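A.B. asks: To start, I am sharing the structure in question, which I have written as structure tokens.
The values are calculated or read from the model by the stated rules, or taken from the named source; none is laboratory data. Worth saying up front: this structure is predicted, and the values here are computed from it rather than measured. Methodologically, a virtual Cβ is constructed for each residue, glycine included, from the backbone with ideal geometry; neighbour enumeration extends over all protein chains shown.
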Amino acid sequence: MPLGPPVGDHGADVVYREIPCKTIIGRSPGAAGGGYPFSHTVNPYRGCEIGCTYCYARYTHAYLGLDDPFAFERQVFVKLGADRRVAHDLRDDHFAGAEIAIGTATDPYQPAERRYRVTRRILEKLAAFSGLTLSITTKSPLILDDLHLLLRLARKSTLTVHMSLISLDADVIRRLEPKAATPQKRLEAIACLARHGIRVGLFLMPIIPGINDDPRQIERLETAARRAGAAFVCKGRMNLRKAAWPVFARMLNTHYPEAANHFAARAERLTRA
């Protein structure tokens, strides 16, 4: 895939690259009984400016010839025309009964969405259909800008929002998720969505040994989310991939050197792979 031309810097050396969208609805391992609760995926952007140090999806930039692990948050690809592609594809009977997860390898409400509104345009097209099963995963209260669309989708289809939050400690969040919203802002977003009748839950992934795995902290987070209106909690361990290791290791050595022993064996396997 040819790289689109850079469209300015957006702080911290972030560059947006506009690319024509050729495909947008991807088939997930769940479609073949792989254990995922969805059959298809939609990712409005490639890369993610939020820059979570643990993000498993960093490997996807290697397919573009971008092997620098930090390129994932520094070069964000904007899929122009993704909304038209969604509308076209959903008219195909092949997608009948599809369970579509939006935001499996990027945050659909990352900073680029303020400018491009790719996610909003996709939701507008999805709102023209009925009987879909949709989920949206995000760390951003920017999703509230599309509340009117979420309400339309919830009336015509099955919609679930996963608000991703791994700690109530703002310092932990700043270290692991450099451009993510604060825990309080995300809890407020849960409360707003729940108040308007949108089914929303807490996405507590990943749970990282030595950082956010204290059972008392997890319990406090779950309690805060449920008080805000979360209908459910999804929890899972870290899926650490080779492409993420340099970024995660730098954060670990800087902020959590005492936790490094949890990852020693895994780090050796990753660096040898």
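A.B. asks: Taking the condition of being under 22 Å from Pro257 (Cα atoms) and touching a Pro at 6+ places or on another chain (Cβ under 9 Å), how many residues in segment 180-221 meet it?
C.D. replies: Adding up the residues that qualify gives 1.
A.B. asks: Note down all Cβ pairs under 7 Å where the first residue falls in segment 215-241 and is closer than 11 Å to Leu168 by Cβ, the second is at pLDDT 95 or above and not aliphatic (A, V, I, L, M), and they're at least six residues apart or on different chains.
C.D. replies: Gln217/Ser167; Leu221/Ser167
A.B. asks: If you scan segment 126-148, which residues turn out to be at pLDDT 95 or above, of a type outside the set (Val, Ile, Thr) and surrounded by 18 or more Cβ atoms within 10 Å (Cβ to Cβ)?
C.D. replies: Across segment 126-148, the qualifying residues are Leu126, Ala127, Leu134, Ser135, Lys139, Ser140, Pro141, Leu142, Asp146.
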